[in-house]
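S.K.: Attaching a single structure in structure tokens format; questions to follow.
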Amino acid sequence: MALRNTELARLRDGSFDVLIIGGGINGAVSAAVLAGRGAKVALIDRGDFGSFTSQASSNLVWGGFKYLEGYEIPLVRKLCVSRNRLIKAYPDNIKPIPFLATLDETSPHPVWLGMLGATAYWGIGSFRTHAPRYLRPEKIEKIEPVVNTEGAIGGIEYYDAYLPDNDSRFVFGFVRSALDVGAAAVNYVEFVGAERRGDRWHVTMRDVDSGGEPFTATAKIVINAAGPFIDGLNEDLDIRTEHRIVYSKGIHLVVPQITPHHRVLAFYDDTGRLFYVIPMGRRSVIGTTDTRVDTPFTEVDDEDRNFLLDQINHRLDLPEPLTRDDVIAERCGVRPLVVKTGGGEQRDVDWTKLSRKHEIETDEADHVISIFGGKLTDCLNVGEEIAESVERLGVPLEKDTHSWYGEPAKATREEFYRQARLMHLDDLRDKPNVEPLSDRLWRRYGRRAFEMLDEIRQDPAMGEDIIESADYLRVELHLAAGTEMVTKLEDFLRRRSKITQVIPESEVRGSPGLHEAARILFGDDADKRLAEYWGDH
């Protein structure tokens, strides 16, 4: 908690060039690019970083193949270019992966048209992935026996990318980058109000974790990166915009691994919408749905579960159908979709045809920048456009050297792996079907992984697992306590790691190691944080 207390002290009565409200992917990437280019930046979120929409994605980095149905070719091109940049910049955190789409007579498109679209998609993406291929039903059955090919008329395999870890950890990577270059970033700080005086905003905030009196910081520019809550925040700031948000609810179910093969399985559901089976380590993720809702606060209900389980059971050839008892965890969130203001109420919008594009609006009179919509794949574009907007509002930035994103240099990576081999790091594990420790530590922590090697050399106990079945080392807990602003136990279990996404929560709660994890993370506040967690769950 020391890091958070330090950042809170910097925020109180602080004076900044830019104050960003909202710590999802849009706010996090804005903080990283602006701080990385020399601006004095503050970032706040009333929850944890990446704890709302940005923790409920499909963990995919893709160019939007389905947007070709609406002939949104410029958007698909933009997303494919961004996907390619992310794959290049994050070779260990973002991995190319094949998608196998199985079509039958009820699918909305014939196989030949799907193959034509996949080939066009490959070209729009500058041919940077493997070429798509057509698969006969017999071939599908051979390479993926779990797929029910009865009634299938063929399949298409094309490529996109995915996050081996979780989406919210990817978001936190941008927050950590911003912190590393001087930004003040604090979770669990809510916006209370703001007033424009002269050439600065005076923003009142409150620490919602520890309570206390509201406090104020000032900034030349306010960035509204509140995601699904952007419209309400603009009302509070008295800002009028050309766009607004409507909500589409999506859910995912995490189940035991359906197929050991490293690919995404794609199917059309009974409504004609694509849904997927996505790898998550030793688990599989089924989703997503698309339901119009009027509020950003959603949860998985029986109708959602039954729909997805029914759809997947009809399309797979499993020894036993999946049931609710097989569901390990659930993911639920809303997509903030962009529409024009003045186009009627939400119920009048044909939200099923809306894409995940983003729009950035700048109020030049009041110096407020609003980020509408977007998705993980588009994050670098959002960051660069935000930097341009900030410069237009009079805050000078240093030249963009692109050092605000991406993994460390290849030579740094090679040195880490050399040291890991010398100390036989991967020999610390004898678990089956678990990736090598060196791969996992480097992907999650980059340069900070060197510190872990030193800690394990000095004390071999640091290389031991703490929470049974969680695949998480004692040394990782110590690093998280000092550098990752873990404020509540769920921040660690759900977002800095994906423990409660791959292990049943009842098993996590019953683990003796959970108490030690809490002591490492929170010290004297361990019992309080455990009580909070058990009370919320």
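Just so you know, all these numbers are worked out from the coordinates, no wet-lab data involved. These numbers come from a predicted model, not from an experiment. With ideal geometry, Cβ positions are generated from the backbone for all residues, glycine too; neighbour counts draw on all protein chains shown.
S.K.: Charges only on Cβ, +1 for Lys and Arg, -1 for Asp and Glu: so what's the dipole of the chain about the Cα centre, in debye to the nearest 20?
M.R.: With only Lys, Arg, Asp and Glu charged at Cβ, the dipole is about 1620 debye.
S.K.: Quick one: putting +1 on the C-beta of Lys and Arg, -1 on the C-beta of Asp and Glu, what dipole do you get for segment 410-536 around its Cα centre, in Debye to the nearest 20?
M.R.: 540 debye
S.K.: List the residues of segment 144-170 whose backbone N lies under 11 Å from a point placed 7 Å from the Cα of VAL434 along the Cα-to-Cβ direction.
M.R.: The answer is none.
S.K.: Rounded to whole Hz and in sequence order, give me ³J(HN,Hα) for segment 83-99 from the Karplus expression 6.51 cos²θ - 1.76 cosθ + 1.60, θ = phi - 60°, writing x for Gly and Pro.
M.R.: My calculation for segment 83-99 gives 4, 4, 5, 5, 4, 5, 7, 10, x, 9, 9, 10, 10, x, 8, x, 10 Hz in order.
S.K.: Follow-up. Under a plain spin-label model, where a point goes 7 Å from the Cα along Cα-to-Cβ, how far apart in nm are ASP459 and GLU195?
M.R.: Inter-label distance under the simple model: 5.0 nm.
S.K.: Can you give the % of DSSP beta bridges in the chain that are antiparallel, to the nearest 5?
M.R.: If I count the DSSP bridges inside the chain, around 75 percent turn out antiparallel.
S.K.: How big is segment 377-479 by Rg and Dmax over its Cα atoms, in Å?
M.R.: For segment 377-479, the Cα radius of gyration and maximum Cα-Cα distance read 18.6, 57 Å.
S.K.: Then there's this: Among THR412, ASN5, ALA101, which residue has its Cα furthest toward the positive end of the charge dipole of the chain, with +1 on Lys/Arg Cβ and -1 on Asp/Glu Cβ?
M.R.: In the chain, that residue is THR412.
S.K.: Hey, got the Cα dimensions of the chain along the principal axes, in Å, largest first?
M.R.: Extents along the principal axes, in whole Å: 68, 61, 46.
S.K.: ³J(HN,Hα) across segment 31-38 via Karplus (A = 6.51, B = -1.76, C = 1.60, θ = phi - 60°), whole Hz, x for Gly/Pro?
M.R.: Karplus values, whole Hz, x for Gly and Pro: 4, 5, 5, 6, 5, x, 10, x.
S.K.: Take the Cα gyration tensor of segment 410-536, multiply each eigenvalue by 5, square-root it, and list the three semi-axes largest first, rounded to whole angstrom.
M.R.: Working through the eigenvalues yields semi-axes of 26, 15, 13 Å.
S.K.: Related question: For segment 232-362, give the magnitude of the charge dipole about the Cα centre (Cβ charges: +1 Lys/Arg, -1 Asp/Glu; no others), in debye to the nearest 20.
M.R.: Result for segment 232-362 is approximately 600 debye, rounded to the nearest 20.
S.K.: Amide H of ILE251 versus every other amide H placed in the peptide plane: which residues, excluding those fewer than 5 positions away on the same chain, fall under 5 Å?
M.R.: The answer is THR289.
S.K.: Non-local amide H neighbours of LEU135 (under 5 Å, H modeled in plane, Pro and chain starts lacking H): which ones?
M.R.: HN-HN under 5 Å from LEU135: GLY155, ILE156, GLU157.
S.K.: Still on this structure, please answer the following. Under 8 Å for C-alpha pairs, at least 6 residues apart: give me the relative contact order for the chain, rounded to a whole percent.
M.R.: 19 percent
S.K.: Sticking with this structure for a sec: Identify all lysines with a Cα-Cα distance to LYS431 below 26 Å; exclude those on the same chain that are fewer than 8 residues away in sequence.
M.R.: Those lysines meeting the cut-off are LYS95, LYS498.
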